[in-house]
1. What is the calculated FRET efficiency for Asn218 to His297, with r their C-beta to C-beta distance and R₀ = 25 Å, to the nearest 0.05?
2. What are the extents of the Cα atoms of the chain along their three principal axes, listed from largest to smallest and rounded to whole Å?
3. Taking every eigenvalue of the Cα gyration tensor of the stretch 360-443, multiplying by 5 and rooting it, what semi-axes result, largest first, whole Å?
4. Dipole of the chain (Lys/Arg Cβ +1, Asp/Glu Cβ -1, origin at the Cα centre): which of Val179, Val51, Met285 lies farthest to the positive side?
5. Evaluate the relative contact order of the stretch 451-524 (contact order divided by residue number), counting alpha-carbon pairs under 8 angstrom at least 6 apart; express in whole percent.
6. Specify the inter-centroid distance of the stretch 181-221 and the stretch 241-319, based on alpha-carbon positions, in whole Å.
7. Would you mind calculating the relative contact order of the chain from Cα pairs under 8 angstrom and at least 6 residues apart, reporting the percent as a whole number?
8. Round to a whole number: what % of the accessible area of the chain belongs to carbon and sulfur, probe 1.4 Å?
Amino acid sequence: MSELAWWQRGVIYQIYPRSFQDSNGDGIGDLAGITARLPYVAELGVDAVWVSPIYPSPMADFGYDVADYCDIDPMFGTLADFKQFADRAHELGLKVLLDFVPNHSSDRHPWFEESRSSRDNPKRDWYLWRDPGPDGGPPNNWLSRMGGSAWEWDAHTGQYYYHAFLREQPDLNWRNPQVRRAMDDVLRFWLDRGVDGFRVDVLWLLIKDAQFRDNPPNPAYLPGQPDHHRLLQTYTEDQPEVHEIVRSMRATLDEYGRRVLIGEIYLPVPQLVRYYGAKGDGADMPFNFQLLNAKWHAGDIAGMIRDYDGALPEHAWPNWVLGNHDNPRVASRAGVVQARVAAVLLLTLRGTPTLYYGDEIGMTDGEIPPDQVQDPAEIRQPGIGQGRDPERTPMQWDASLPNAGFTNGRPWLPIATTSSVRDQDRDASSMLSLYRRLLSLRRNNAALVQGTIEHVTAYGDVLTYERRHRDQRLFIALNMSCTEATVQSHRGVVLLSTLAGRDGQALTEGVNCLAAGEALVASIRS
Ligand code: NOJ
């Protein structure tokens, strides 16, 4: 497997730093806490950690509002703590990926404070400022992804500024070469500190229409959907010029040898795959989020796998994401039984898997009492299912300890359920054991890492496919229903099943049974 890059062979584990491990009793996770838990992450068998933003921030959007791109928020620690974390991760063989948030800064960032100070400030054009529209209101109809107009009036200078998210998150002007140079320096600051790559926040939103044209109405909008869905995002996302920016980020990373560039992009597959660029000059992995919204149905998922594989440019490396801090957890979307099937799916598909912290112990979405809601998305548009607190609850380390061992203080969000790493650690049938077995199987079978994916088929509720490399053939069968099912197979031997006691059993030529919610990986012969 040596010809592949580490990020093609590896598995990425996302840590939401507020919620992983608190070391100082303030109820919020921090870098020292993460460092202390790195041996657990390494033993799990993943290859890289991606840490959501840890930079100084007023925390209006929990770190996605950055007030200084080149430091660490005191809540999370110091640059010295970051060094200890990165060194320890590297000692344990883990790569370190940071979250890069270039689309917007905090309104408290000195760049924005200068920009808003006067119309002729040298940094005025670092952000998107416009005169009022003819009626004295916002310059156009663009809507914020957090609800309401995307334009905020600034009485001091008599203009509006654009914010795709909160008004505390003004969008930077990526058409300004000074902004680009400043952001390249930010990348270099962290690359100089040994970071192995970046996940780039909302990469597909960086450039907006130069003429600031109104977005057209969305004919498919349904009441109850988030506000910005009223409009098609024709002039506010996926503008052609964004690809030039991706190429220049790529070039900056390439100054350091090949470090990995991952893009957060919520677009349909044909548009998504353009972010790979031509012949490796784009993102290494535009995140493939299809599983996050997939109907948990074998036919739908088979179609999705085939379409994605068919749409990938020749040089492109696929990837799959099962969970993140912006979407309900898989154990709540698909149910706790099917979450085991989903684990087998994620770790046997072709392409780099990204796993969200806590999914490896089957964490479900937490219930957040109304008076404990934290997420601005929920506070601004209550009750329409946009709130992200449920999937951000603290990691459950040890159910016998207060707050599941996450903190000695009062956790910033309530603990979701009681099952914990400690309970599952020595239980061979637990979710944690399943993830460890799957990660080890993946590591030890080239077909799972670099094999082709073939014969992707749905038979009723059963999804099957093969992974092939040289003379190795692996057969994967996933029963996505809660009743027993049958599957056609070649003769072989089960390497891993979600069902206790089935590993090592034979598969016969022809019809084989799958228990309700069973998923298996078998080595087969023709
Ligand atoms: C995407 C991030 O994942 C999300 O958490 C954040 O609110 C927005 N970008 C704005 O930065």
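1. Working: r = 26 Å, r/R0 = 1.03.
That gives a FRET efficiency of 0.45.
2. Extents along the principal axes: 76, 48, 48 Å.
3. Values: eigenvalues 162, 55, 15 Å².
Values for the stretch 360-443, descending: 28, 17, 9 Å.
4. The Cα lying farthest towards the positive end belongs to Met285.
5. On the way: 186 pairs, mean separation 22.8, N = 74.
Computed value for the stretch 451-524: 31 percent relative contact order.
6. With the stretch 181-221 and the stretch 241-319 each reduced to a Cα centre, they are spaced 15 Å.
7. 12
8. The C+S portion of the solvent-accessible surface of the chain is 50 percent.
The values are calculated or read from the model by the stated rules, or taken from the named source; none is laboratory data. The model shown is predicted, which means the values in this text are computed figures rather than measured ones. Counting neighbours? That spans all protein chains shown, and the Cβs are built from the backbone with ideal geometry, glycine included. Surface accessibility is based on the protein's heavy atoms, side chains included, excluding ligands, DNA and RNA. Shrake-Rupley method; radii C 1.70, N 1.55, O 1.52, S 1.80 Å.
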